[in-house]
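Read-outs: derived from the displayed coordinates by stated rules, not from any lab. Computed from a predicted model, the values in this text were never measured in an experiment. In this analysis, Cβ positions are derived from the backbone assuming ideal geometry, glycine residues included, and neighbour counts consider all displayed protein chains.
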Amino acid sequence: MGQGKTKLTGPDLADGIPAESLDDGQMLVGHAHGKAVLLARAGQEIFAVSPHCTHYNGPLAEGLMVGATVRCPWHHACFDLRTGEALRAPALNPITCWDVAARDGWIKVGQKREQPQLRTHIEPAAKPERIVIVGGGAAGFAAAEMLRRVGYQNSLVMLSSDAAVPYDRPNLSKDYLAGAVPFDYVPLRDESFYEENGIKIQLGKNVVGLDLRAHEVLLSGGKTVSYDRLLLATGAEPVRLTIPGADQPLVHTLRSLADSDAIIAAAKASRQAVVVGASFIGLEVAASLRARKLEVHVVAPDKRPMERILGQDMGDFIRTLHEEHGVIFHLETKPRAIDEVVHLENGETIESDLVVVGIGVRPRLGLAENASLRLDRGIAVDQYLETSAPGVFAAGDIARWPDPHSGENIRVEHWVVAERQGQAAAMNMLGERKPFAQVPFFWSQHYDIPINYVGHAEAWDEIQIDGNVMGKDCLLRFKRHGRVAAVASIFRDLQSLQAEVEMEREVAA
Ligand SMILES: Cc1cc2nc3c(=O)[nH]c(=O)nc-3n(C[C@H](O)[C@H](O)[C@H](O)COP(=O)(O)OP(=O)(O)OC[C@H]3O[C@@H](n4cnc5c(N)ncnc54)[C@H](O)[C@@H]3O)c2cc1C
Ligand code: FES
């Protein structure tokens with residue numbers, strides 16, 4: 001995942017290559033001045049940039065060029081080839097750019113460029129004096145980062161009930177839980193970032209009320225914070241088991257860094273674990289606990305893991321994949337009680353020192369509900385992510401927005417969507433009035449197998465399969481009324497990106 005030391009490959013681009021060796025739309029990796037460089041051509045323009053995505057170091061040369069941008073094959077970040085700017089999350093940092101010259105039939109890469117000033121110009125009149133963000137997760141952080149990135153200079157307060165600075169939540173069930181990466185990988189930015197950028201972050205602060213008329217948020221303890229624009233990004237909380245014994249210390253849920261640390265500490269002292277729920281998070285936890293050499297049992301009422309989201313074939317594949325790694329499934333049953341052992345409804349008992357419950361989440365809507373914001377199984381927002389109260393925006397797991405691709409009002413629990421909505425809400429709080437129209441994307445990782453998903457299909461009439469699911473090389477199209485609503489893939493990254501572009505074209509049309 002980390003940048004590490006990259007072995008240089010391909011031609012020395014400082015010496016140059018013949019111009020005819022780079023066609024329109026083509027990318028080529030070489031090196032210049034001791035650094036790896038990606039050369040790309042869009043029409044007459046030639047770009048030289050770093051070939052590594054700034055999210056998890058994905059190989060941009062294996063991604064997709066769309067005009068003068070490049071999209072990362074792993075989690076669909078997008079970079080501007082002219083400026084290096086990270087145009088789309090999950091990447092937040094720019095890629096490096098180099099000068100490039102095309103002369104006398106040769107292309108040569110020159111010196112590294114200064115990072116240019118970024119795109120958006122904010123009219124002074126449009127700048128609110130005080131922006132408050134409630135929530136220090138994906139949406140809240142991405143909003144704050146974007147506000148400062150585009151030059152917003154007035155007061156910016158971020159209130160988070162979490163004790164830790166914003167972190168990479170998806171890692172908590174994957175590499176961090178598995179012990180494959182150190183803590184340094186987890187924070188999205190170190191603590192100095194907030195001070196240097198004038199983001200007044202208040203950690204461990206629970207917002208308990210909103211006064212929409214006075215434009216104030218109320219903190220537990222009685223203090224108030226005033227705003228001109230407010231972003232609600234309170235995310236979701238895990239659904240808990242309500243069976244006898246579910247309140248014992250050996251039973252965990254996983255949402256926060258503290259939750260992940262508690263599971264790691266328990267796993268170190270455990271031999272056997274039960275994961276309740278064959279959801280993405282449940283199964284990622286199962287994989288990570290197997291990496292820690294625990295015996296892992298997964299208990300779930302489903303016939304197949306993840307069938308409801310990914311269909312039968314993918315469900316069978318995921319089950320087989322986990323069984324090959326030693327996970328023992330107990331499907332079509334549920335836990336009934338937990339004492340010294342976990343009792344299942346089908347009469348089985350499983351010994352366990354650790355139970356992790358991953359049976360879904362509920363959006364945290366209390367603040368919105370008490371303030372009488374319009375709700376619709378989430379906070380209802382318009383295309384600008386503005387709630388029913390003018391000047392109050394919502395983003396991430398709590399927001400139900402009009403998704404132009406599906407034509408439905410949807411709410412999802414995807415990291416990338418939360419970040420992109422945070423960024424879009426940030427710009428709209430500054431008066432940009434740009435509809436949020438990005439096609440949803442999520443990924444999940446099980447052992448060394450990534451699953452990517454683009455679009456949104458709560459129901460489908462048909463799944464069209466290209467390739468071989470069991471062979472770990474496939475692309476599944478979920479079709480509704482003859483139209484592709486979503487695409488899931490394993491090791492078909494380019495096709496997944498192409499499907500995304502296709503869906504965007506449909507939206508634009
Ligand atoms: C373990 C795990 C793994 C995941 N893996 C993936 C993945 O691989 N791919 C993917 O697409 N998605 C994944 N997700 C989902 C993804 O993390 C969420 O969709 C995303 O974090 C939602 O962002 P958010 O900003 O809406 O909420 P969050 O990131 O949950 O942030 C909410 C923030 O609000 C704060 N807060 C809540 N209430 C209050 C209050 N009253 N006052 C003050 N602060 C408050 C919380 O402390 C938190 O800081 C994963 C989630 C988990 C838990
Ligand atoms: S590595 Fe590029 S988007 Fe994740």
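At least 3 residues that are of a type outside the set (S, T, N, Q) and surrounded by 13 or more Cβ atoms within 10 Å (Cβ to Cβ) in each: list the strands (runs of 3 or more DSSP E) lying fully within region 180-238 that qualify.
Strands (runs of 3 or more DSSP E) meeting the threshold: 199-202, 207-211, 216-219, 229-232, 236-238.
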Selection from region 331-341 of residues surrounded by 14 or more Cβ atoms within 10 Å (Cβ to Cβ) and under 33 Å from the mean Cα position of the chain (by Cα) yields Leu331, Thr333, Lys334, Pro335
Practice task
Answer yes or no as to whether Arg319 is of a type outside the set (Ser, Thr, Tyr) and surrounded by fewer than 19 Cβ atoms within 10 Å (Cβ to Cβ).
Solution key: no
Quiz item: Would you say Pro73 is more than 20 Å from Glu419 (Cα to Cα), within 16 Å of ligand 2 (Cβ to nearest atom), of a type outside the set (A, V, I, L, M, F, W, C) and out of contact with any His (no Cβ under 7 Å at 6 or more places or on another chain)?
Solution: no
Considering region 148-179, residues that are small (Gly, Ala, Ser) and more than 16 Å from ligand 1 (Cβ to nearest atom), and then whichever is surrounded by the fewest Cβ atoms within 10 Å (Cβ to Cβ), we arrive at Gly151
Is it true that some residue in region 77-86 is more than 16 Å from ligand 1 (Cβ to nearest atom) and among the small types (Gly, Ala, Ser)?
yes
Cβ pairs under 7 Å, 6+ apart or interchain, first in region 162-178 and farther than 21 Å from Ala91 by Cα, second charged (D, E, K, R), ordered by first then second residue, are Ala178/Arg292
Within region 450-509, restricting to residues that are part of a helix (DSSP H, G or I) and touching a helix residue (DSSP H, G or I) at 6+ places or on another chain (Cβ under 9 Å), the one that is surrounded by the most Cβ atoms within 10 Å (Cβ to Cβ) is Asp493
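If we scan region 5-28, do we find a residue that is within 16 Å of ligand 1 (Cβ to nearest atom) and under 28 Å from Pro187 (Cβ atoms)?
no
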Restricting region 30-56 to residues that are assigned to a loop (DSSP other than H, G, I, E, B) and free of Cβ contacts under 8 Å to residues at least 40 places away in the same chain, the one farthest from ligand 1 (Cβ to nearest atom) turns out to be Gln44
Those residues of region 416-439 which are within 13 Å of ligand 1 (Cβ to nearest atom) and surrounded by fewer than 22 Cβ atoms within 10 Å (Cβ to Cβ) amount to none
